[in-house]
1. Does Val96 satisfy the condition of being of a type outside the set (D, E, K, R), within 16 Å of the ligand (Cβ to nearest atom) and in a helix (DSSP H, G or I)?
2. Just to be sure before I move on: is Val118 touching a Cys at 6+ places or on another chain (Cβ under 6 Å), modelled with pLDDT of 95 or more and hydrophobic (A, V, I, L, M, F, W, C) in the structure I sent?
3. Among the candidates Ile45, Ile76, Ile102, which residue alone is more than 16 Å from the ligand (Cβ to nearest atom) and outside any loop (DSSP other than H, G, I, E, B)?
4. Taking Ala89 as the residue in question, decide whether it is more than 22 Å from Leu28 (Cα to Cα), open to solvent by less than 20 Å² (accessible area, probe 1.4 Å) and more than 18 Å from the chain's Cα centre (by Cα).
5. Quick one: Met111 ticks every box in (1) open to solvent by 30 Å² or more (accessible area, probe 1.4 Å); (2) out of contact with any Pro (no Cβ under 8 Å at 6 or more places or on another chain) except a single one, so which number is it?
6. Suppose we filter segment 29-49 for residues that are surrounded by fewer than 16 Cβ atoms within 10 Å (Cβ to Cβ) and at pLDDT 90 or above; how many remain?
Amino acid sequence: MAEIDLKGVDEIIDRYKGEEGVLIQLLLDIQNEFYWISPEAIARISDKMRIPKSQIYRIATFYKAMSLKPVGRHIIQVCLGTACQIRGAPKIMDRVEENLKIKEGATTPDMRFSLRRVNCLGCCAMGPVIVVDGKYHGKVTPVKVKDILEQYE
Ligand code: FES
(Lines give C-alpha, C1' and ligand atoms only; values in the text may rest on other atoms or scores of the structure.)
Protein backbone atom coordinates (compact mmCIF):
# COMPACT_ATOMS: atom_id res chain seq x y z
CA MET A 1 0.00 0.00 0.00
CA ALA A 2 2.88 2.40 0.76
CA GLU A 3 4.18 2.34 -2.82
CA ILE A 4 2.10 4.36 -5.24
CA ASP A 5 1.48 2.80 -8.63
CA LEU A 6 2.52 5.55 -11.04
CA LYS A 7 0.31 4.09 -13.75
CA GLY A 8 -2.64 4.92 -11.52
CA VAL A 9 -1.25 8.43 -11.09
CA ASP A 10 -0.97 8.77 -14.89
CA GLU A 11 -4.60 7.73 -15.30
CA ILE A 12 -5.68 10.42 -12.86
CA ILE A 13 -3.48 13.03 -14.56
CA ASP A 14 -4.94 12.09 -17.96
CA ARG A 15 -8.42 12.85 -16.64
CA TYR A 16 -7.42 16.46 -16.10
CA LYS A 17 -4.75 17.10 -18.75
CA GLY A 18 -5.19 20.29 -20.68
CA GLU A 19 -7.64 21.72 -18.15
CA GLU A 20 -6.86 24.83 -16.15
CA GLY A 21 -7.04 25.13 -12.39
CA VAL A 22 -7.50 21.43 -11.71
CA LEU A 23 -4.49 20.84 -9.50
CA ILE A 24 -6.40 20.68 -6.21
CA GLN A 25 -8.95 18.21 -7.56
CA LEU A 26 -6.20 16.12 -9.15
CA LEU A 27 -4.30 15.94 -5.85
CA LEU A 28 -7.50 15.05 -3.97
CA ASP A 29 -8.14 12.23 -6.43
CA ILE A 30 -4.63 10.87 -5.85
CA GLN A 31 -5.10 11.19 -2.10
CA ASN A 32 -8.43 9.32 -2.25
CA GLU A 33 -7.02 6.59 -4.44
CA PHE A 34 -3.68 5.99 -2.65
CA TYR A 35 -4.26 7.64 0.76
CA TRP A 36 -1.12 9.76 0.33
CA ILE A 37 0.78 11.75 -2.27
CA SER A 38 4.32 10.50 -2.80
CA PRO A 39 7.31 12.54 -4.04
CA GLU A 40 7.27 10.36 -7.19
CA ALA A 41 3.63 11.22 -7.81
CA ILE A 42 4.43 14.92 -7.38
CA ALA A 43 7.34 14.67 -9.82
CA ARG A 44 5.04 12.97 -12.33
CA ILE A 45 2.36 15.63 -12.03
CA SER A 46 5.00 18.35 -12.34
CA ASP A 47 6.39 16.77 -15.55
CA LYS A 48 3.12 15.99 -17.23
CA MET A 49 1.17 19.10 -16.26
CA ARG A 50 4.16 21.49 -16.46
CA ILE A 51 3.51 22.78 -12.97
CA PRO A 52 6.49 23.60 -10.71
CA LYS A 53 6.97 21.05 -7.90
CA SER A 54 7.11 23.88 -5.38
CA GLN A 55 3.55 24.89 -6.30
CA ILE A 56 2.30 21.32 -5.89
CA TYR A 57 3.99 20.98 -2.49
CA ARG A 58 2.52 24.30 -1.40
CA ILE A 59 -1.00 23.06 -2.09
CA ALA A 60 -0.44 19.56 -0.72
CA THR A 61 0.88 20.93 2.57
CA PHE A 62 -1.87 23.55 2.85
CA TYR A 63 -4.83 21.17 2.62
CA LYS A 64 -5.41 18.99 5.67
CA ALA A 65 -7.14 16.36 3.55
CA MET A 66 -3.85 15.67 1.77
CA SER A 67 -1.02 13.66 3.24
CA LEU A 68 2.62 13.69 2.16
CA LYS A 69 3.47 10.90 4.59
CA PRO A 70 3.46 7.26 3.48
CA VAL A 71 0.66 5.04 4.70
CA GLY A 72 0.76 1.52 6.07
CA ARG A 73 0.11 -1.69 4.10
CA HIS A 74 -3.44 -1.74 5.44
CA ILE A 75 -5.80 1.19 5.93
CA ILE A 76 -8.29 0.90 8.78
CA GLN A 77 -11.22 3.27 8.79
CA VAL A 78 -13.29 3.40 11.95
CA CYS A 79 -16.69 5.01 11.49
CA LEU A 80 -17.49 7.61 14.11
CA GLY A 81 -20.68 8.84 12.46
CA THR A 82 -23.66 9.44 14.73
CA ALA A 83 -25.34 6.07 14.22
CA CYS A 84 -22.11 4.17 14.85
CA GLN A 85 -21.31 6.38 17.87
CA ILE A 86 -24.65 5.47 19.44
CA ARG A 87 -23.82 1.81 18.89
CA GLY A 88 -20.48 2.08 20.65
CA ALA A 89 -17.99 3.17 17.96
CA PRO A 90 -15.85 5.26 20.37
CA LYS A 91 -15.04 2.08 22.31
CA ILE A 92 -14.12 0.37 19.04
CA MET A 93 -11.75 3.21 18.17
CA ASP A 94 -10.23 3.02 21.67
CA ARG A 95 -9.70 -0.71 21.29
CA VAL A 96 -8.10 -0.35 17.83
CA GLU A 97 -5.79 2.39 19.15
CA GLU A 98 -4.85 0.23 22.15
CA ASN A 99 -4.11 -2.78 19.97
CA LEU A 100 -2.03 -0.88 17.45
CA LYS A 101 -0.49 1.50 20.01
CA ILE A 102 -1.13 4.47 17.74
CA LYS A 103 -3.66 7.28 17.65
CA GLU A 104 -6.16 8.00 14.93
CA GLY A 105 -4.44 9.54 11.90
CA ALA A 106 -1.15 7.72 12.54
CA THR A 107 0.69 4.76 11.01
CA THR A 108 2.28 1.95 12.99
CA PRO A 109 6.11 2.08 13.03
CA ASP A 110 6.24 -1.26 11.17
CA MET A 111 4.06 0.26 8.40
CA ARG A 112 1.47 -2.47 8.91
CA PHE A 113 -1.55 -0.24 9.55
CA SER A 114 -2.70 3.33 9.13
CA LEU A 115 -5.69 4.34 11.20
CA ARG A 116 -8.31 6.83 10.06
CA ARG A 117 -11.65 8.00 11.40
CA VAL A 118 -14.53 8.50 9.00
CA ASN A 119 -17.99 9.96 9.37
CA CYS A 120 -20.64 7.56 8.09
CA LEU A 121 -19.90 4.92 5.52
CA GLY A 122 -23.50 4.75 4.39
CA CYS A 123 -24.28 1.43 6.05
CA CYS A 124 -25.44 2.59 9.49
CA ALA A 125 -27.57 -0.52 10.09
CA MET A 126 -24.33 -2.52 10.22
CA GLY A 127 -22.83 -0.25 12.89
CA PRO A 128 -20.46 0.01 14.47
CA VAL A 129 -18.51 -0.43 11.27
CA ILE A 130 -14.82 -0.60 10.51
CA VAL A 131 -13.36 -0.98 7.04
CA VAL A 132 -9.98 -2.51 6.38
CA ASP A 133 -8.60 -2.11 2.84
CA GLY A 134 -12.13 -1.64 1.58
CA LYS A 135 -13.55 -4.71 3.37
CA TYR A 136 -16.48 -3.89 5.66
CA HIS A 137 -16.71 -5.40 9.14
CA GLY A 138 -20.10 -4.72 10.70
CA LYS A 139 -21.56 -4.99 14.20
CA VAL A 140 -18.06 -4.88 15.60
CA THR A 141 -17.64 -5.32 19.33
CA PRO A 142 -14.51 -4.42 21.31
CA VAL A 143 -13.80 -8.15 21.74
CA LYS A 144 -13.83 -8.71 17.97
CA VAL A 145 -11.28 -5.98 17.21
CA LYS A 146 -8.21 -8.10 17.89
CA ASP A 147 -9.47 -10.95 15.68
CA ILE A 148 -10.13 -8.55 12.82
CA LEU A 149 -6.67 -6.97 13.07
CA GLU A 150 -5.00 -10.37 13.15
CA GLN A 151 -6.41 -11.13 9.70
CA TYR A 152 -3.99 -8.60 8.22
CA GLU A 153 -0.23 -9.24 8.05
S1 FES B 1 -22.71 6.29 11.01
FE2 FES B 1 -21.39 4.65 10.68
S3 FES B 1 -22.06 3.85 8.81
FE4 FES B 1 -23.35 5.54 9.12
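The values are calculated or read from the model by the stated rules, or taken from the named source; none is laboratory data. All values reported here derive from a predicted model rather than from experimental measurement. With ideal geometry, Cβ positions are generated from the backbone for all residues, glycine too; neighbour counts draw on all protein chains shown. Please note that ligands, DNA and RNA were not included when accessible areas were found on the heavy atoms of the full protein model with its side chains. Shrake-Rupley method; radii C 1.70, N 1.55, O 1.52, S 1.80 Å.
1. Working: of a type outside the set (D, E, K, R): yes; within 16 Å of the ligand (Cβ to nearest atom): yes; in a helix (DSSP H, G or I): yes.
Considered against the rule, which asks whether it is of a type outside the set (D, E, K, R), within 16 Å of the ligand (Cβ to nearest atom) and in a helix (DSSP H, G or I), Val96 comes out as yes.
2. Working: touching a Cys at 6+ places or on another chain (Cβ under 6 Å): yes; modelled with pLDDT of 95 or more: no; hydrophobic (A, V, I, L, M, F, W, C): yes.
No.
3. Values: Ile76 fails: more than 16 Å from the ligand (Cβ to nearest atom); Ile102 fails: outside any loop (DSSP other than H, G, I, E, B).
Testing whether each residue is more than 16 Å from the ligand (Cβ to nearest atom) and outside any loop (DSSP other than H, G, I, E, B) leaves just Ile45.
4. On the way: more than 22 Å from Leu28 (Cα to Cα): yes; open to solvent by less than 20 Å² (accessible area, probe 1.4 Å): yes; more than 18 Å from the chain's Cα centre (by Cα): yes.
Taking the combined requirement at face value, the residue satisfies it.
5. Just one mismatch for Met111, condition (2).
6. 5
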